[in-house]
Amino acid sequence: MQPQPILQLKEKLADLKLGGFSWNNRAVWSVAALIIILIVNRLISPNFFSIDMVNGRLIGSLINILDGASAIILLSIGMTLVIATKGIDLSVGTVMAIASAVAVMLINQYEAGAGEFYYMPGVVILIAVAAGAICGLWNGFLVAYLNIQPIIATLILLISGRGIAQMITQGQSPTFTNETLAFIGRGVILGVPFPIYLCLAMLILVTLLVRRSAIGLLIESVGINARASFYAGINSARIKVMVYTLSGICAALAGLVVAGEVKSADPHKAGEFAELDAILAVVIGGTSLNGGRFNLFLSALGVLIIQSLLTGLYVSKLHPTANLVVKAIVVLAVLLLQSDEFRSFLKRLFRRRA
Amino acid sequence: MRNNEQAQIPLIETRGLTKTFAATPALSEVDFTLYSGEVHALLGENGAGKSTLIKLLTGVHKRDAGVILLEGKEIEPRSPRHCQELGISAVYQEINLIPTLSVAENIFLGRQPMRRGLVDMKTANRKAYELLKAFDIDIDVTRDLSAYSIAIQQIVAIVRGVDLSAKVLILDEPTSSLDRHEVETLFSVIRSLKERGIGILLITHFLDQVYEISDRITVLRNGIKVGEHLTSELPRIQLISEMLGKALTEELAVQKSGISSNGLDREPFLRVHGFARRGMMQPFDLEVRKGEIVGLAGLLGSGRTEIAHLIFGIKHSEQGEAYVNGQAANLSSPQKAVQYGFGLCPEDRKEDGIIADLSVRANIILALQAKLGWFEHLTPKKQEQLAEEMISALRIVTTDMEKPVKELSGGNQQKVILARWLVSNPEFLILDEPTRGIDVGAHAEIINIVKRLAQEGKAMLVISSELPEIVDYSDRVMVLRDKQVIAELEGDQISEAMIMQTIAER
Ligand SMILES: Nc1ncnc2c1ncn2[C@@H]1O[C@H](COP(=O)(O)OP(=O)(O)OP(=O)(O)O)[C@@H](O)[C@H]1O
Ligand SMILES: [Mg+2]
């Protein structure tokens, strides 16, 4: 029955709260998971941490991870807020396709010499983002005003969205050459890829928006107890419309990043299964699918965990078919580590052995 | 008779039972005994550790130290389910049923009668109906539990507990939402269980009920056992001072009401004419003046909560009109009601009140923040200041304001909801059972707060199952029966006898 001294020590540590730091904090476990994965990657490939400057551009696995993660990080921002309200947005992948289709079709008119202001690259980007916002508004309307369950409401767009994107591109996968639009996906500032700046800017902007206003609190309140929030006079419909709209905007930006990278809009493949990675990242980041407390930076961390894992698998030269299995196992491990129930189960297990 | 029971092996005995949450000691070295065939009342202020004690007994929480003996043998409660198998059934303060299942399903959850490998819902329904009928509750057991009032839900939880073959039945504040009649039926069930040799552990804040039904009393204060007595040998005054740790001072005693009549000549703040909703409430008129306290009295299900819901826009009225300060008002949702300066402390604290995972601070400022809107953000400093004020004004027991509200004791959660509406600075406050689950000291405080708010010129509508309370503070009492307002009592007409007579009249 005597607990091991080591465990006692750990429990003492658990009770120690150092300026918000606690061993029971999910953030700690997420960071730990990321560090472990990075170290394993380093063991597999010795120059994993090296970063070089080539032609004014930083090159290295770490940069690749950040760059490769950027589209999903953008998605995870909107997804986090949606999930915090106890919702879910399955349509983000198709919204990426729609936004990139819109942008590429318009920009090609510009390249072909059309002079109207709405073919200007800057305006095209705004229109593509607006298209994402409209998709989000639609989802929000279904969820908040027609009381359709989020998974069903957004499934509608998940299914129909690719059709819409194909209609926009007339069934083609158009390419483009416009450098302004391409910059969103492949531009470089001070050696660092532009998408990384975009992610950071969105993370900071949205965090400021929700935390410097009452929106964050109201989102959490609605997610934790919708009825009690209603009784407290919170207009939860408006909150829901807002988060789905924001999710649509984030998805449009992610769509532009992907389109810029490959200089084309592929209505079939753009953003395919991206919603699943985004949802996974949010959950790894500690936001419960039951709604409630959220942290955008932790969701981004979740994306980085997935992305470094993928990179690691790639450099390990494991047979590609094993990748998905390994990914699933590692994700499961991270989720288990974060779960209070699982940790106390482990504790009990060790205690009984002792 | 007691003496010879003392000699027998206790049904339950704890020695040195201790529990600390993070840094909060909730229970320290408590020795407690429960004998077969006795009703043992566990008393103490909000946050004294009563619920914690029973949660340790039933394996909801794991104890830090101490032993638990059941019939002389040491047990290791792992989970409520495990304890049920051992013969310890509990009905917790926060009802733990599933609102979206039917009443019958809730009663038989996990042990449904089977027939040819399938759940025999027909038998389950019949049995559930009969069990409830024994409590004089005649309802449709196939409807969702959530369709019924909190009181009915409470009884369903009790029926579920009693039905399991129990040696020990633990009831954490079972009567707080019951009216007199229902308390009587519950007590008669408790007495018959007692005759069968079941040991009953009862937690309640109603001292009258303690003296009516219990044989022995254990008093906790700040997690420490401060006394164990035979009920017949403990004068009430001594009991109260043991619970509070000091004599019941003037300040705690309920101030005599001095507001009656002076409120009556003021202008009405709210006037409702012909509000109604099919299947919910017959048409009614209602006026509440500034500085006036209007009480709603009636049996459970008579339409008291329904009136509160229609006025606050939880459900919108299908007809009639409302005027606030003489102006036509649209009360179709809580958001609108709040903009007119309304507030509502709901009856069901867990489902309709607290945001469990948010901090005490966030819970307190929530309604005010919702009223201010998205961008008029209360600064953290302002939030802390408001929460600080309320925590000391209502004497909310919490280690700090950042603690999730779900970690507070039941009575203190109730105070947090009241605080939420007080900081929103309402002009009209609807309180649905505001003293439920509140200890003796705080009970008086809350009644004094109700009166003080009225003196400050606020309009008040108060629902309570406790008639003495209603009689004490109401300037006017509306009496309800069968979803209808059947009488309005004023001035000298307001008395317990008169209210009961009105309810009983046919
Ligand atoms: N899960 C928890 N986490 C942290 N602290 C807790 C938890 N549950 C209870 N506490 C703390 O333990 C103390 C005792 O709480 P308990 O619920 O036992 O009180 P109680 O006597 O039942 O009060 P009430 O009459 O208000 O229901 C309180 O200070 C409370 O804040
Ligand atoms: Mg309690």
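Values for this structure:
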quantity: Test: residue in the range B:351-368 that is at pLDDT 90 or above, under 24 Å from B:Leu244 (Cβ atoms), away from ligand 2 (no atom under 16 Å from the Cβ) and not assigned by TED's automatic domain parsing to the domain that holds B:Leu310; calculated: yes
quantity: Pairs where the first residue, in the range B:50-79, is not assigned by TED's automatic domain parsing to the domain that holds B:Phe21 and the second is within 16 Å of ligand 2 (Cβ to nearest atom), C-beta under 6 Å, 6+ apart; calculated: none
quantity: Residue count, the range B:487-506 (criterion: surrounded by fewer than 15 Cβ atoms within 10 Å (Cβ to Cβ) and touching a helix residue (DSSP H, G or I) at 6+ places or on another chain (Cβ under 8 Å)); calculated: 3
quantity: Search result, residues across the range B:385-403 that are within 14 Å of chain A (Cβ to nearest Cβ) and away from ligand 1 (no atom under 13 Å from the Cβ); calculated: B:Leu386, B:Ala387
quantity: Test result for A:Asn290, buried (at least 17 other Cβ atoms within 10 Å of the Cβ) and within 14 Å of chain B (Cβ to nearest Cβ); calculated: no
quantity: Qualifying residue in the range B:351-359 (condition: away from ligand 1 (no atom under 15 Å from the Cβ) and not β-branched (Val, Ile, Thr)); calculated: yes
quantity: Residue, surrounded by the most Cβ atoms within 10 Å (Cβ to Cβ), within the range A:209-221, restricted to residues that are of a type outside the set (Lys, Arg) and facing chain B (nearest Cβ under 9 Å); calculated: A:Ser221
quantity: Residues within the range B:325-344 that are in contact (Cβ under 8 Å) with a residue 60 or more places away in the chain and more than 9 Å from chain A (Cβ to nearest Cβ), tallied; calculated: 2
quantity: Enumerated helices (runs of 4 or more DSSP H) restricted to the range A:186-304, each holding at least 3 residues that are closer than 29 Å to A:Met105 by Cα; calculated: A:194-211, A:236-262, A:274-284
quantity: Residue satisfying condition, being assigned by TED's automatic domain parsing to the domain that holds B:Leu270 and within 12 Å of ligand 1 (Cβ to nearest atom), within set B:Gly441, B:Gly411, B:Gly457; calculated: B:Gly441
quantity: When residues of the range B:408-426 are limited to those that are in a loop (DSSP other than H, G, I, E, B) and within 13 Å of ligand 2 (Cβ to nearest atom), the one modelled with the highest pLDDT; calculated: B:Leu408
quantity: Those residues of the range B:413-428 which are under 11 Å from B:Cys345 (Cα atoms) and out of contact with any Lys or Arg (no Cβ under 7 Å at 6 or more places or on another chain), in sequence order; calculated: B:Lys415, B:Val416, B:Leu418, B:Ala419, B:Arg420, B:Trp421, B:Leu422
quantity: Considering residues of the range B:163-177 that are modelled with pLDDT under 80 and buried (at least 22 other Cβ atoms within 10 Å of the Cβ) only, the residue nearest to ligand 2 (Cβ to nearest atom); calculated: B:Ser176
quantity: Entirely in the range B:301-405, the helices (runs of 4 or more DSSP H) that have 3 or more residues that are surrounded by fewer than 18 Cβ atoms within 10 Å (Cβ to Cβ); calculated: B:380-393
quantity: First in the range B:416-435 and in the same structural domain as B:Ser474 (by TED's automatic domain parsing) and farther than 11 Å from B:Val450 by Cα, second anywhere and of a type in the set (Asp, Glu) and surrounded by fewer than 24 Cβ atoms within 10 Å (Cβ to Cβ), Cβ under 6 Å, 6 or more apart; calculated: B:Asp432/B:Glu347; B:Glu433/B:Glu347
quantity: Filtered residues of the range B:384-405 (kept if under 16 Å from B:Trp421 (Cβ atoms) and away from ligand 2 (no atom under 16 Å from the Cβ)); calculated: B:Leu386, B:Ala387, B:Glu389, B:Met390, B:Ile391, B:Ala393, B:Leu394
quantity: Within the range B:439-483, considering residues that are part of a loop (DSSP other than H, G, I, E, B) and of a type in the set (D, E, K, R), the one farthest from B:Val183 (Cα to Cα); calculated: B:Glu456
quantity: Matching entry among A:Asp89, A:Asp67 (being under 30 Å from B:Leu358 (Cα atoms) and touching a residue at least 12 places away in the same chain (Cβ under 8 Å)); calculated: A:Asp89
quantity: Condition met for B:Ile364 (without any contact (Cβ under 8 Å) to a residue 60 or more places away in the chain and away from chain A (no Cβ under 12 Å)); calculated: no
quantity: Elements of type strands (runs of 3 or more DSSP E) contained in the range B:25-97, each with 2 or more residues being within 16 Å of ligand 2 (Cβ to nearest atom) and away from chain A (no Cβ under 14 Å); calculated: B:39-43, B:88-91
quantity: Qualifying residue in the range B:230-238 (condition: away from every other protein chain (no Cβ under 14 Å), touching a residue at least 24 places away in the same chain (Cβ under 8 Å) and within 16 Å of ligand 2 (Cβ to nearest atom)); calculated: no
quantity: Residue list for the range B:71-92, restricted to those being among the polar types (S, T, N, Q), surrounded by fewer than 23 Cβ atoms within 10 Å (Cβ to Cβ) and closer than 27 Å to B:Tyr129 by Cα; calculated: B:Gln84
quantity: A:Ala165 being more than 21 Å from the chain's Cα centre (by Cα), within 14 Å of another protein chain (Cβ to nearest Cβ) and either among the charged types (D, E, K, R) or part of a helix (DSSP H, G or I) (or both); calculated: no
quantity: Counted residues, the range A:224-277 - those being away from chain B (no Cβ under 13 Å), at positive phi and crowded, with 24+ Cβ neighbours inside 10 Å; calculated: 1
quantity: Selection within the range B:57-102 - within 18 Å of B:Pro10 (Cβ to Cβ) and among the polar types (S, T, N, Q); calculated: B:Thr58, B:Ser89
quantity: Yes/no for B:Glu466 being crowded, with 23+ Cβ neighbours inside 10 Å, within 17 Å of B:Ile150 (Cα to Cα) and either within 17 Å of the chain's Cα centre (by Cα) or within 16 Å of ligand 1 (Cβ to nearest atom) (or both); calculated: no
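Residue-wise test of (1) among the aromatic types (Phe, Trp, Tyr); (2) more than 26 Å from B:Ser302 (Cβ to Cβ); (3) more than 16 Å from ligand 1 (Cβ to nearest atom); (4) surrounded by 16 or more Cβ atoms within 10 Å (Cβ to Cβ).
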| position | (1), (2), (3), (4) |
| --- | --- |
| B:Gln154 | no, no, no, yes |
| B:Arg191 | no, yes, yes, no |
| B:Tyr211 | yes, yes, yes, no |
| B:Thr218 | no, yes, no, yes |
| B:Pro235 | no, yes, yes, no |
| B:Ile240 | no, yes, no, yes |
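The values are calculated or read from the model by the stated rules, or taken from the named source; none is laboratory data. Predicted model, so just to flag it, every value in this text is computed and none were measured. A quick note on method: Cβ atoms are made from the backbone with ideal geometry, for glycine too, and the neighbour counts reach across all protein chains shown.
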